[in-house]
Structure formats: structure tokens, C-alpha cells
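Each remark here refers to the structure printed beneath this line.
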Amino acid sequence: METKDFIIRDVKLSDFDDIANMVFDRDNVVGINVADPVLGVDLADKELTKSYFFEKFSEVYKQVLNGNAIAAVAESDGKLVAFAHVMGGKWPGAPYIGELRRPIILKQYQDQLAGIQLIGYIKDKAKGKFEILSMMVSVDDSNILSKLEGTSTKNLGFIRWGLAPKFYKREGEYMPLVFLYCQV
């Protein structure tokens with residue numbers, strides 16, 4: 001596995017086009033699927049348009065500006081290669097929990113630790129804002145589940161705390177949802 005150092009930084013409004021291009025290019029991106037939407041975008045129920053995605057991105061960006069969210073990107077050679085964000089307030093009565101939305105990573109950078117560096121950066125930024133990061137990940141096969149519970153996830157400090165074996169249905173098949181958390 002070839003690894004490299006990426007430039008990890010806070011998201012800027014000007015990153016919208018690059019992030020949108022990743023979202024719309026689902027064949028070349030890891031982390032996008034219809035059941036686990038990035039930015040709250042439900043790809044199963046509607047045709048995703050750039051204006052709809054901009055609306056969702058703007059909501060996240062406003063939360064970042066208000067101090068209620070964290071969003072970051074990974075760059076390589078001036079190109080955006082990964083994006084992730086944490087939103088607070090999902091768990092009623094538990095403002096100390098931030099939800100890490102599933103990161104999106106260009107496939108060619110998947111095995112170069114872009115996602116791990118990005119999540120590590122986000123965890124550092126979350127200190128003092130959240131005590132716990134939670135993450136829900138839809139899993140459509142057992143290989144993904146075993147990778148999810150592999151060394152990368154454990155090195156980041158995430159622990160599986162739940163599995164909903166038949167949480168949602170995709171194309172007539174029930175799919176599991178995995179719940180993970182880590183202390184910041």
C-alpha cells in the first residue's frame with residue numbers, strides 16, 4: 001500500500017464544485033450510496049441536482065460558520081480527494097455527541113490513507129466541541145463489514161456498538177446498518 005501525506009484543511013465555500021463533482025461521480029468515489037446519504041442528500045428518493053446539493057452543502061457550511069459543525073477536505077497536488085464533516089445535535093439531550101458523516105474519498109486514494117488522515121484531523125478539531133463522535137455506516141456486503149472493523153477503524157479509535165441487521169431495503173434486499181463511536 002502506497003501512502004502519502006495529504007494537505008488536510010477546513011472546508012471552504014469555494015470547495016463546493018469539487019465536492020459536488022465527487023458526489024455526482026459515484027463510480028469513482030468510495031462512501032456514496034443511496035442508503036447512507038452524504039450531507040443528508042437522499043439519493044434513493046429523488047434525482048440529485050446540483051442546486052439541491054448546493055442547498056444541502058450550504059446548510060452544513062452555515063453550521064460550520066456558526067460553530068455547530070466541522071467540515072474538512074483532503075487535497076493532493078491541488079486536487080480535492082476526500083471530504084467529511086461532523087454535525088452536532090442529532091442525539092436529543094446529548095449535545096456532546098457529534099455525528100461523523102461517512103467520508104467520501106476518490107477511489108484511487110482509498111488505499112493511500114487519505115480518509116484516515118482526514119478523520120484524524122476532524123477528531124482533533126472536535127476536541128472541546130464534542131466528547132464522542134458517532135458514525136452510522138450502511139454495509140452492503142460482508143467484505144465491507146470486515147474492512148470496517150479492521151485496523152484502520154480501530155487505529156482511529158472507533159468501536160462498533162451496534163448492528164441493525166435489516167435496517168433498510170435496497171432493490172428488494174435487506175441491508176445492515178453499523179453503528180460506531182469513538183471518544184474524542
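The values are calculated or read from the model by the stated rules, or taken from the named source; none is laboratory data. None of the values given here were measured: they were computed from a predicted structure. So basically every Cβ, Gly included, is an ideal-geometry build from the backbone, and we count neighbours across all protein chains shown.
Scanning the stretch 26-58 for residues that are more than 16 Å from the chain's Cα centre (by Cα) and at pLDDT 60 or above gives Asp27, Glu47, Leu48, Thr49, Lys50, Ser51, Tyr52, Phe54, Glu55, Ser58. For beta carbons closer than 9 Å, sequence separation of 6+ or different chains, a first residue in the stretch 119-137 that is free of Cβ contacts under 8 Å to residues at least 40 places away in the same chain and within 19 Å of Val30 (Cβ to Cβ) and a second that is buried (at least 19 other Cβ atoms within 10 Å of the Cβ) and among the aromatic types (Phe, Trp, Tyr), the qualifying pairs are Ile119/Phe158. Counting only residues that are part of a strand (DSSP E or B) and within 22 Å of Lys125 (Cα to Cα), the stretch 161-184 holds 5 of them. Of all residues assigned to the stretch 101-113, none qualifies as being under 28 Å from Asp27 (Cβ atoms), modelled with pLDDT of 90 or more, within 12 Å of the chain's Cα centre (by Cα) and not small (Gly, Ala, Ser).
Residue check: Gly67 meets all listed conditions (1) in a helix (DSSP H, G or I); (2) modelled with pLDDT of 85 or more; (3) not basic (Lys, Arg) but one, namely (1).
The number of residues in the stretch 133-169 that are over 14 Å from Leu180 (Cα atoms), charged (D, E, K, R) and either surrounded by 12 or more Cβ atoms within 10 Å (Cβ to Cβ) or at pLDDT below 75 (or both) comes to 3. Surrounded by 13 or more Cβ atoms within 10 Å (Cβ to Cβ) and in contact with a strand residue (DSSP E or B) (Cβ under 6 Å, 6 or more places away or on another chain), is that true of Tyr61? It is false that Tyr61 is surrounded by 13 or more Cβ atoms within 10 Å (Cβ to Cβ) and in contact with a strand residue (DSSP E or B) (Cβ under 6 Å, 6 or more places away or on another chain). Residues of the stretch 120-130 include at least one that is part of a strand (DSSP E or B), modelled with pLDDT of 90 or more and under 26 Å from Lys4 (Cα atoms). In the stretch 85-93, is there at least one residue being small (Gly, Ala, Ser), farther than 23 Å from Gly157 by Cβ and loosely packed, with under 13 Cβ neighbours inside 10 Å? There is at least one residue in the stretch 85-93 that is small (Gly, Ala, Ser), farther than 23 Å from Gly157 by Cβ and loosely packed, with under 13 Cβ neighbours inside 10 Å. Within the stretch 94-128, the set of residues being crowded, with 22+ Cβ neighbours inside 10 Å and of a type in the set (Gly, Ala, Ser) comprises Gly98, Ala114, Gly115. Contact annotation: residue pairs with Cβ atoms under 9 Å, 6 or more positions apart or on different chains, pairing a residue in the stretch 1-23 that is modelled with pLDDT under 90 with a partner that is of a type in the set (Lys, Arg), are Ala20/Lys50.
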